[in-house]
Amino acid sequence: MEALVSVMKVAKRYRLGKENYVHALRGASLSVDAGEMVAIMGPSGSGKSTLMHIAGCLDVPDEGEVWLGGRRVDGLDRSELARLRANEVGFIFQGFNLVPTMSALENVALAAEYAGDSRRDAAGKARTLLEAVGLADRMRHAPSELSGGQQRVAIARALVNNPAIVMGDEPTGDLDTTTSAEIVTLMREVNRERGTTFIIVTHNPEVAEGCDRTVRMRDGLVEGEIHPAEESAPA
Ligand code: ADP
């Protein structure tokens, strides 16, 4: 089967000062099939976010290839990448990144309007998704009034354009244990019911346990994989 996302031998460096570089990725490779839910773990600075941003078309590599849905995307320009992201990729961030002055409904609808939907269609889709994530009676609330529910709004927003893939960057990082477990369950339900592929950068072992597999990064490389069954097996 052809992978939905393939990052092949990708390198990325950032300039630090005049002649110094940080090598965030040093030839990292990762393939994710459609319908998979994959966790990325590893120490801080190992390149997890950079890899996720490149796989999600937020950024382009210096070297290597990136394929999304059978199409090579690492050579696209900024506006082509933005269009691809709006239609194919959803993002969930640690800090939710919701617009504080807008209601839950407006936050979700905005993403659909940005991808080209009319106001009316966008609002309709937003309503359906907010119901699906358990916020049917709180759609008109502002994010700050939705303690614990903000990441549900962000998930609805990530799904509103029916993306093939959702990228999560520490999506439970700011949540208490109970809310975090609920969010993992919700992402799993979305994955099973809609077939949405998830790639989730996390430090939280419980998030990783909820995924199909976990890849580990170190020093800018994907150094291996752990399947939940192996991790819990006695040493
Ligand atoms: P992780 O997500 O595993 O913590 P990152 O991908 O964020 O790792 O970062 C990998 C390395 O690249 C780190 O040393 C980080 O400081 C550096 N880095 C990431 N983004 C930038 C940037 N925009 N400018 C400079 N250095 C960066």
Which residues make up the longest stretch of the chain clear of trypsin sites (Lys or Arg not before Pro) that lie in a DSSP loop with no more than 16 other Cβ atoms within 10 Å, not counting the sites?
19-139
At 1.4 Å probe size, with the rest of the protein present, what percent of the exposed accessible area of the stretch 49-201 is carbon and sulfur atoms?
45
Per-residue HN-Hα couplings for the stretch 138-154 [Karplus 6.51, -1.76, 1.60; θ = phi - 60°; Hz; x = Gly/Pro]
10, 5, 8, 6, 6, x, 5, 8, 10, 3, x, x, 5, 6, 5, 4, 5
Amide H neighbours of Gly42 under 5 Å, at least 5 residues apart or on other chains, H built in the peptide plane: list them.
Met217
So how strong a dipole does the stretch 21-88 carry about its Cα centre when Lys and Arg Cβ are +1 and Asp and Glu Cβ are -1, to the nearest 20 debye?
140
Among Leu51, Val22, Val10 - extreme Cα towards positive end, dipole of the stretch 1-51, charges at beta-carbon:
Val22
Between exposed GluC sites (Glu not before Pro) in the chain, where DSSP calls loop and at most 10 other Cβ atoms lie within 10 Å, what's the longest gap?
20-235
Residues meeting the amide H criterion for Gly64 (H placed from the backbone, H to H distance under 5 Å, 5 or more places apart or on another chain) are Ala11
In order over the stretch 60-66: 3J(HN,Hα) from phi, Karplus 6.51/-1.76/1.60, θ = phi - 60°, whole Hz, x for each Gly or Pro, gives 10, x, 7, 9, x, 10, 10
The chain: calculated mean residue ellipticity at 222 nm from DSSP helix runs of at least 4, using -39500 (n - 2.57)
-10500 deg cm²/dmol
What accessible area per residue comes out for the stretch 57-167, rounded to a whole number of Å², with a 1.4 Å probe?
49
Which whole-Hz couplings ³J(HN,Hα) result when phi for each residue of the stretch 185-202 is put into the Karplus expression 6.51 cos²θ - 1.76 cosθ + 1.60, θ = phi - 60°, listed in order with x for Gly and Pro?
4, 5, 5, 5, 4, 4, 4, 6, 7, 9, x, 5, 7, 10, 10, 10, 7, 8
Where does each of His53, His23 land when they are ordered by accessible area, with a 1.4 Å probe and the largest first?
His23, His53
For the chain, what is the convex hull (Cα atoms) projected area averaged across all directions, in square nanometres?
14.1
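The values are calculated or read from the model by the stated rules, or taken from the named source; none is laboratory data. For clarity, every value in this text was computed on a predicted model and none was experimentally measured. No Cβ is skipped: glycine too gets one built from the backbone with ideal geometry, and neighbour counts run over all protein chains shown. These accessible areas exclude ligands, DNA and RNA; they are computed on the full protein's heavy atoms, side chains included. Shrake-Rupley method; radii C 1.70, N 1.55, O 1.52, S 1.80 Å.
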